Each structure stands twice: as structure tokens, then as C-alpha cells.
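Have a look at the structure below, then the notes.
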């Protein structure tokens, strides 16, 4: 989501004194901006860590996924892996992944050249394609499983969750204003009241999504006239909470400090004054705000030690 693409590490200082945060630029596609350079890291969206703590990035601008160590070094050392993400069959360009999830279940199987295996990572694209990756099936590329480009699906985010019926893949379709749900066979599940908020204002659509403590948190951004991209602006955003069946639990945050919110993360307990808070990254203004995970109360924004808010253009 950045023209100037960065992987950024944020550390808190003197938590007891609440003296702020410092951001370290680990990787960029621009020389001289960060500690390391990677030309594949263009317009990165989703980020996820594998059980081995390898960081996987969905690089929307180059149609690949790049891997890094926690320090920002390309991974594996000496022979870094770059995974190509397939585009929709209707697209004349490279894939444009946004959401990425790690899958530890035996489901979401992909097949290519008579080889099959569960997707270890699943990617969703703005062009409507959904793909999975398993190194025993194809090491250097993901395998396209679903292609909804013909119905103009625009996928902006993805999450996984567990139900009594098995694992579920949740995908935000910004164009249609829906959260699509798929079972572990990549079959879509339809049903009444799934991820519906009857009080949501017209013109807002699911944007970001995350599984936090077993509940599905969904952010909403304002659609442009073509329902393809968000319209940034103060108060342009909501955050809702659902169970893994798609039942509405509550509206957690309405407008306030939101501005095309996309990123969601649960802060660790040692994260200074915001330990245990819900961190929400605004695509619209690049700010990261903290909210009470249960009440949605605004707790403050991440700021530097000099008191100036941390801001990342196109966060």
C-alpha cells in the first residue's frame, strides 16, 4: 500500500514512562531509505509470519510474495525465495495480491501437474483471483484456485478462522461490499445474515479483515463512484466484530479517528501504554491508532518520542 515501500519495525521506549515509539526502516525498494533494498518490495499490502518466524509479504506492485527474516534480511539466506502470485485469467498484467494468510490445517488443497497438497499460504488479489502455495506442488509460484475476475470481484483482505464445520477462509470483496466465506475445499458458503451490519451507512464496504482471539474483525472504507478504491477522509471508516459463522456481534468503532482503516493488529502486552490494545492502521492518512479491544474506546495514536504522530504515507 506504499509507493515508497518499506518494512518497518516499531519499538516502544520506556513503557512505564510512555515516552513514545521509534520506527526503523528495515527494507525498501528505494536505495538509501532503509537498511536493505529489495526491488520486488513494491506496494506491499498483507504481511504474515510463518511458525518459523519468516515474514511473508504480498507485494501488490510486482505480483509476488517476498520473504524476510525478522531483521529484514531476504530469506532464505544466499538463495532468497520469491513466489509469483498468478493473476486473473482476464488480466493482462501481473497478479496484484493484497491479503495473505498462513494455513496450518490440512485443507485448502491445491493441485498442479498431478501434485497436490494443502496451501501453506493463501493469497487474494484485487483482480479477483485466489491462489495457494505449497512448496511440494510448486516452489516458485502460487497456484490459482478461484478466479472471480469476470464478476469484477476486488479482494482487499483475507483471514482464516475455525468453525464446528471446519476451517473457513474470509475474503473482503470491496467492489461488491461483502465478506465472502469459503470452506476448506475452496467452496463458497452462502447464508443469511453472514457478515451483515444493517446499520452500516450506504457506500461503505469491507476493506481489511483479521482473526483476533477467535473473532473476525472487519474494517470498512468509503467506496469511490466505481466501487473500486477507497475514498480517504476524516471519519471515513468503521470496525465491526463477527463470530466465525459470520454473525454480527457488535459495532466496535464508528468513524472517530478512522480514515480508510485497513490494518488490524493486537498489540503485545509489553507495547508501552497501548499493551493489549487493538491497533488500527489508516490507509487514508498513514496513522496508527489504538483502541480498547472490548469497548472500542480511543486510547491514542502511536507517536514518536517528540510527541509527533507516527505517519506512513499509504500505510
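The values are calculated or read from the model by the stated rules, or taken from the named source; none is laboratory data. A quick note: this is a predicted structure, and the numbers were derived from the prediction, not measured. Here Cβ is always computed from backbone atoms with ideal geometry, including for glycine, and neighbour counts include all displayed protein chains.
Quick check: is even one residue across the range 158-165 free of Cβ contacts under 8 Å to residues at least 60 places away in the same chain, under 17 Å from residue 238 (Cβ atoms), surrounded by 14 or more Cβ atoms within 10 Å (Cβ to Cβ) and under 20 Å from the mean Cα position of the chain (by Cα)? Taking every residue of the range 158-165 in turn, none turns out to be free of Cβ contacts under 8 Å to residues at least 60 places away in the same chain, under 17 Å from residue 238 (Cβ atoms), surrounded by 14 or more Cβ atoms within 10 Å (Cβ to Cβ) and under 20 Å from the mean Cα position of the chain (by Cα). Exactly one residue out of 233, 276, 237, 300 is assigned by TED's automatic domain parsing to the domain that holds residue 203, modelled with pLDDT of 95 or more and crowded, with 20+ Cβ neighbours inside 10 Å: that is 237. Residues in the range 34-68 that are surrounded by fewer than 19 Cβ atoms within 10 Å (Cβ to Cβ), more than 24 Å from residue 127 (Cα to Cα) and touching a strand residue (DSSP E or B) at 6+ places or on another chain (Cβ under 7 Å): 35, 36, 37, 49, 50, 54.
Looking only at the range 71-101, filter to residues that are exposed (fewer than 15 other Cβ atoms within 10 Å of the Cβ) and touching a residue at least 40 places away in the same chain (Cβ under 8 Å); which one of those is farthest from residue 117 (Cα to Cα)? The qualifying residue farthest from residue 117 (Cα to Cα) is 71.
For the range 29-57, the tally of residues that are over 21 Å from residue 105 (Cα atoms) and assigned to a strand (DSSP E or B) stands at 4. Restricting the range 260-273 to residues that are touching a strand residue (DSSP E or B) at 6+ places or on another chain (Cβ under 6 Å) and surrounded by fewer than 23 Cβ atoms within 10 Å (Cβ to Cβ), which is farthest from residue 221 (Cα to Cα)? If we take residues in the range 260-273 being touching a strand residue (DSSP E or B) at 6+ places or on another chain (Cβ under 6 Å) and surrounded by fewer than 23 Cβ atoms within 10 Å (Cβ to Cβ), then 272 is farthest from residue 221 (Cα to Cα). Checked against the criterion of being modelled with pLDDT of 95 or more and farther than 23 Å from residue 153 by Cα, the candidates 113, 96 yield just one match: 113. Would you confirm whether or not the range 14-24 contains a residue that is within 22 Å of the chain's Cα centre (by Cα) and modelled with pLDDT of 55 or more? Yes; the residues of the range 14-24 include at least one that is within 22 Å of the chain's Cα centre (by Cα) and modelled with pLDDT of 55 or more. Only one of the numbered conditions (1) closer than 14 Å to residue 246 by Cβ; (2) touching a strand residue (DSSP E or B) at 6+ places or on another chain (Cβ under 9 Å) is not met by residue 200, and that is (1). The single condition among (1) modelled with pLDDT of 95 or more; (2) under 24 Å from residue 108 (Cβ atoms); (3) surrounded by fewer than 16 Cβ atoms within 10 Å (Cβ to Cβ); (4) out of contact with any strand residue (DSSP E or B) (no Cβ under 6 Å at 6 or more places or on another chain) that residue 191 does not satisfy is (1).
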